[in-house]
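Below is one structure; the comments refer to it alone.
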Amino acid sequence: MKAAVMYGVGQPLVIEDVAVDEPRAGEVLVKTSASGVCHSDLHFMEGSYPTATPIVLGHESAGIVEKVGDGVKNVKAGDRVVIAFVGSCGFCDNCVQGKPNLCDNTAELGRGDRLKLNGNAMAQFANMSAFAEYQLVSANACVHVPADVPMEVAALVGCSVMTGVGAVTNTARIPVGSTVAVVGAGGVGLNIIQGAVLAGASRIIAIDLLENKLAAAREFGATDVIDASKEDAIVKVMGMTGGGVDFAFEAIGLAKTAEQCFAMIKRGGKAVIVGMVPVAATVNVPGVGFLMEKGIIGSFYGSTRQTHDMPWLMELYRQKRLKIDELITRRYPLTQINEAYAALKNGEVNRSVIAF
Ligand SMILES: [Zn+2]
Ligand SMILES: [Zn+2]
């Protein structure tokens with residue numbers, strides 16, 4: 001199959017012929033239909049997160065089941081599926097507690113040698129490697145896609161929509177009437193905004209450095225926008241809300257913006273860190289904030305319970321209560337994946353999709 005291979009940090013991806021293994025027990029081979037171009041892959045390409053190389057990145061995708069391994073009961077050949085990038089085991093303590101996104105056993109899925117490049121085993125990314133024509137995934141990661149939901153829409157449900165909406169509804173569980181700030185209005189930030197709308201937030205303040213992002217934020221439901229290239233976001237939020245928001249969501253992945261989120265919440269407020277803060281970074285917050293019952297929490301993958309949440313999100317899309325078509329700004333073939341990442345880096349797009 002054709003796959004986009006990352007050979008090293010800072011290098012362009014190269015389209016290569018990669019061999020993919022047959023599905024074993026509990027595994028599914030999926031023919032990729034669409035893969036989203038997510039910022040998280042960029043963290044690995046740029047080296048702020050470590051990875052073994054060579055590797056095939058990509059973790060936001062949907063496709064058609066090609067083959068299933070022994071014992072797979074939830075899907076069969078020909079089914080349309082969105083793939084969750086954590087293939088949860090279903091029996092560890094976190095899975096049983098309803099937190100499959102924090103499954104303790106994902107490392108033991110053991111697919112470190114099932115893709116081969118020139119006969120040599122290479123690692124799979126996020127138990128998926130979605131920038132490829134086929135993906136070998138866990139059956140547990142597969143969620144059915146309704147016939148009238150386009151595959152590119154389902155793909156985005158697999159990461160950005162789930163991560164953003166879920167941060168609000170699952171991780172933070174904001175009460176109706178909460179005031180919300182969202183720092184970063186990219187693919188995930190726009191979904192945090194729509195999550196806040198769904199959850200009945202009163203005021204939703206979007207903060208970004210780019211005018212086109214702030215315009216998109218308004219389209220997705222932001223009630224106010226702040227151009228942080230022109231004004232101090234913290235001072236502005238404090239003024240607008242009379243002392244801070246109930247919840248501030250970080251959707252960029254920087255220590256500095258995580259600290260800003262803590263600074264713009266009110267007494268009893270919570271900063272929710274959704275972006276991937278670099279592995280080597282430390283987030284510093286003033287300890288006195290804890291006397292004000294200010295909190296800071298992480299959110300991974302919108303605290304997804306994939307087989308419950310992804311059908312819910314696709315149903316909201318079908319009812320036009322969730323904007324997903326509007327997230328997709330551009331489509332690229334796999335051969336132009338480096339152009340797609342360049343557009344993401346330049347802030348030109350909400351989301352691009354690799355169409356197979
Ligand atoms: Zn992603
Ligand atoms: Zn588990």
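Quick note: the coordinates plus some simple rules give every number you see, no bench work behind them. Just so we're clear, the structure is a prediction, and the values are computed from it rather than from any experiment. Note that we place each Cβ from the backbone using ideal geometry, even for glycine, and neighbour counts take in every protein chain shown.
Restricting things to alpha carbons, find the Rg to Rh ratio for segment 293-356 using the Kirkwood radius for Rh.
1.10
In a simple Cβ point-charge model (Lys, Arg +1; Asp, Glu -1; nothing else charged), the chain has a dipole of about 640 debye relative to its Cα centre. Highest mean packing comes first when the peptides 58-67, 277-286, 224-233 are listed by Cβ atoms within 10 Å, giving 58-67, 224-233, 277-286.
Cross-link partners for Lys67 among the lysines, with Cα-Cα distance under 21 Å and sequence neighbours closer than 8 places in the same chain left out: Lys2, Lys31, Lys76, Lys116. In this structure the amide hydrogen of Ile354, modeled in the peptide plane, comes within under 5 Å of the amide hydrogens of Ser35, Gly36, Val37, Tyr332, none closer than 5 places in sequence on its chain. Spatially close Lys pairs in segment 164-300, defined by Cα atoms under 25 Å apart and a spacing of eight or more places or different chains, total 15. Between Thr335 and Ser202, the FRET efficiency estimated from the beta carbon spacing at R0 = 51 angstrom works out to 0.65.
Once Rh for segment 74-186 is found with the Kirkwood sum over Cα pairs, what is the Stokes-Einstein diffusion coefficient at 37 °C and 0.692 mPa s, in µm²/s? Spell out each step's value before the answer.
Details: Rh = 16.2 Å.
Approximately 202 µm²/s, per Stokes-Einstein.
Going by Cα centres, segment 277-356 and segment 213-268 are how many Å apart? Using only Cα atoms to place each centre, the spacing works out to 17 Å. Set the Cα radius of gyration of segment 219-324 against 2.2 N^0.38 Å, with N its number of residues, and you get 1.23.
Its relative contact order, with pairs defined as Cα atoms under 8 Å and 6+ residues apart, puts the chain at 18 percent. Counting every Cα pair in the chain, what percent are over 37 Å apart? Percent of Cα pairs beyond 37 Å in the chain: 16. Of all the options Val81, Val235, Val153, the one that moves most in a Gaussian network model of the chain with Cα springs shorter than 10 angstrom is Val235.
Taking the Cα centre of segment 164-300 as origin, sum charge times position over the Cβ atoms of Lys and Arg (+1) and Asp and Glu (-1), and report the length of that vector in debye to the nearest 20. Could you put the intermediate results ahead of the total?
Values: 11 positive and 11 negative charges, 59 e Å.
Using only the charged Cβ atoms, the result is roughly 280 debye.
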